[in-house]
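Notes to accompany the following structure.
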Amino acid sequence: MTTTVERPVAAEQVAPARPAAEQRRRLDHVDAMRPIKQAGVVSTHTLLFFAPVASLAVTGSLMLLHVTREAFLFISACMLTYSYGALTRGGYLHFYRRRTVSVAIPYLVWTAIYFAVTLHSLGASGWAVPGHFAYLVATGYYQLYYLLVIMEFYLLFPLLLLLVRRTAGHHGVLLLASLVAQVSLVSLMHWNVLPPALRGFWATREVLSYQFYLLAGMVVALHLDDVHLWLRAHVRLVLGATVLTAALAEVWVVLADHHVAWTGSSSDPLQPVVIPFNIAAIASIYLLGVFLVSKRRSTTTRAMVRSGSDDSYGVYLAQMVFVLALTGLGWQHLDQTIPWPLVSVLTVVVVFGACVALTGVLARTPLSVALTGRKRQPWSTWLPERWRRLPPDPRRPAMAVSSPIDPDPTEP
C-alpha cells in the first residue's frame with residue numbers, strides 16, 4: 001500500500017482523459033481520510049445526544065467537530081473530479097446512473113429505515129404519516145441531509161467542471177473569489193441578514209453554503225501532485241495553523257458565551273470564524289491519511305485503515321440507528337456516574353464499532369447496494385487478507401479501488 005498520487009497537472013492544463021486502468025487506481029491516503037471524518041461525525045452526534053448541552057466545553061468541541069461536514073464535501077468533490085475529470089456529454093448517462101446507485105438509492109432506503117424506527121415517537125396518524133415521510137425525503141433525516149447536498153452537487157458537477165476547465169491557469173484567482181464569497185455568505189447568515197430560507201436549518205441543506213469546499217476539492221484533484229508535495233513539505237506550518245485557528249474559534253465561543261453581541265450565536269454550525277480552521281483541519285486530515293498508509297506503518301494498521309475506508313460510508317448511513325438505540329436504553333444517564341468525556345469516548349467506540357460490524361454483514365447480502373452503496377462482497381473477505389493469513393489475491397491489483405459499485409472512488 002503506497003502513498004501515490006497521479007502525475008503533476010500544470011496549472012494551465014485541462015485534466016486529460018485517463019486510461020481506463022489508471023482510473024481504477026486508488027489514492028490510499030485520500031481514502032484514509034474517510035474513516036477519520038466519519039469518526040468526527042459520530043463524535044458530533046455523541047456530544048449532541050449524550051453530553052451536557054449547557055457545557056461550554058461541549059459547545060466549543062461541537063464548533064470544531066462541524067468541520068466533518070466540510071471535509072465530507074471536500075473529499076467527495078476531490079474524488080469525483082479525480083475520477084471524472086475528463087467527463088464529456090457522452091458520459092453523462094453513465095455518470096448519473098452511478099450516482100443514483102451509490103447515493104440516491106441508499107439515501108431513500110435509509111430514510112425509510114429511520115422513518116420506521118422513529119415512527120412510534122411521531123404520534124401521528126392518517127395522512128400525517130406519509131406527509132412526514134415525504135418531508136424526511138425532501139429535507140434529509142438528521143445526518144442524511146449531507147447526501148442531499150452531495151446530490152445537488154452532482155447536478156451541478158458538469159457546469160462546475162466546465163468552470164474549472166475554463167479557468168485553468170487561474171485556479172488561484174477562482175479559489176480566492178470563492179473564498180470571499182463563502183466568507184460573505186456565511187457572515188450574512190450568521191448575523192441574520194439573509195431571510196430564514198437562506199440560513200439556519202435550510203442553509204445546511206443548500207449546496208451554495210459549501211461552494212468553497214466543493215470547488216477547492218475539485219481544484220485540488222487537478223493539482224494533486226503539487227498540493228501533496230507542498231503539504232508534505234510544510235507539515236509543521238499546517239499543524240500550527242490548525243492549532244492557532246482552533247484557538248481563535250474557541251476564543252470566539254467563550255466571547256459568545258459571555259454574550260458579546262458582535263459574536264452572534266456560538267451554536268451556529270455555519271459561521272465565518274471557523275472557515276480558517278476548516279481549511280487547516282482538512283489539510284491536517286490529509287496529512288494524517290498520508291501517515292496512516294505509509295509503508296512505515298504495520299501491515300495490520302494499514303489493513304485496518306483500508307477496512308475503515310471500505311466501511312466508512314456504512315458508518316455514516318447507520319450510525320443514528322445505534323445512537324437512538326443507546327438513547328432508548330438510557331445511555332444518556334451514564335454521565336451521572338461516569339464523567340461525560342469518558343462517556344463520549346466510550347460511545348464513539350461502541351457506535352463506530354457496531355456500524356463497522358453491521359456494514360460488514362450488510363455488504364455481504366443481496367441488499368448490499370441498497371444498504372451500503374457497495375457491490376456485494378464475498379463472505380470469504382470478512383477479514384482482511386493479512387488477518388486471515390492467506391496469500392494476497394493475485395486477481396486484485398495492488399492499487400485496486402474499494403469504493404462502492406465496483407471501482408469508483410467517489411462515494412461520500
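For segment 362-381, the candidate set comprises residues that are in a loop (DSSP other than H, G, I, E, B) and either charged (D, E, K, R) or modelled with pLDDT of 90 or more (or both); within that set, the residue that is surrounded by the fewest Cβ atoms within 10 Å (Cβ to Cβ) is 366. Here residue 137 meets each of (1) touching a Pro at 6+ places or on another chain (Cβ under 7 Å); (2) closer than 24 Å to residue 99 by Cβ; (3) aliphatic (A, V, I, L, M) with one exception, condition (1). Scanning segment 140-153 for residues that are out of contact with any Phe, Trp or Tyr (no Cβ under 7 Å at 6 or more places or on another chain) and either within 15 Å of residue 102 (Cα to Cα) or not in a helix (DSSP H, G or I) (or both) gives 140, 148, 150, 151, 152, 153. Within segment 344-359, how many residues turn out to be of a type in the set (Gly, Ala, Ser) and under 13 Å from residue 35 (Cβ atoms)? Residues meeting the conditions: 1.
Residues of segment 262-278 that are of a type outside the set (Gly, Ala, Ser) and touching a residue at least 12 places away in the same chain (Cβ under 8 Å): 268, 269, 270, 271, 272, 273, 274, 275, 276, 277, 278.
Would you mind finding the one in 164, 180 that is within 30 Å of residue 275 (Cα to Cα), of a type outside the set (S, T, N, Q) and crowded, with 16+ Cβ neighbours inside 10 Å?
On the way: 180 fails: crowded, with 16+ Cβ neighbours inside 10 Å.
Going through 164, 180 in turn, just one is within 30 Å of residue 275 (Cα to Cα), of a type outside the set (S, T, N, Q) and crowded, with 16+ Cβ neighbours inside 10 Å: 164.
For the structure I just gave you, tell me whether residue 246 is small (Gly, Ala, Ser), under 21 Å from the mean Cα position of the chain (by Cα) and over 29 Å from residue 142 (Cα atoms). No; evaluated as a whole, the condition is false for this residue. Screening the candidates 139, 100, 118, 88 for the property of being within 30 Å of residue 225 (Cβ to Cβ) and surrounded by fewer than 18 Cβ atoms within 10 Å (Cβ to Cβ) yields one hit, 88. Could you check segment 57-101 and list, in sequence order, the residues that are of a type in the set (Gly, Ala, Ser) and assigned to a helix (DSSP H, G or I)? If the condition is that a residue be of a type in the set (Gly, Ala, Ser) and assigned to a helix (DSSP H, G or I), then 57, 60, 61, 71, 76, 77, 83, 90, 91 are the ones that fit. Filtered by the rule that a residue be of a type in the set (S, T, N, Q) and not in a helix (DSSP H, G or I), segment 220-267 gives 265, 266, 267. For residue 245, the criteria (1) at pLDDT below 90; (2) in contact with a Pro (Cβ under 7 Å, 6 or more places away or on another chain); (3) over 30 Å from residue 114 (Cβ atoms) hold in every case but one, which is (1).
The values are calculated or read from the model by the stated rules, or taken from the named source; none is laboratory data. Source: prediction; values computed, not measured. No Cβ is skipped: glycine too gets one built from the backbone with ideal geometry, and neighbour counts run over all protein chains shown.
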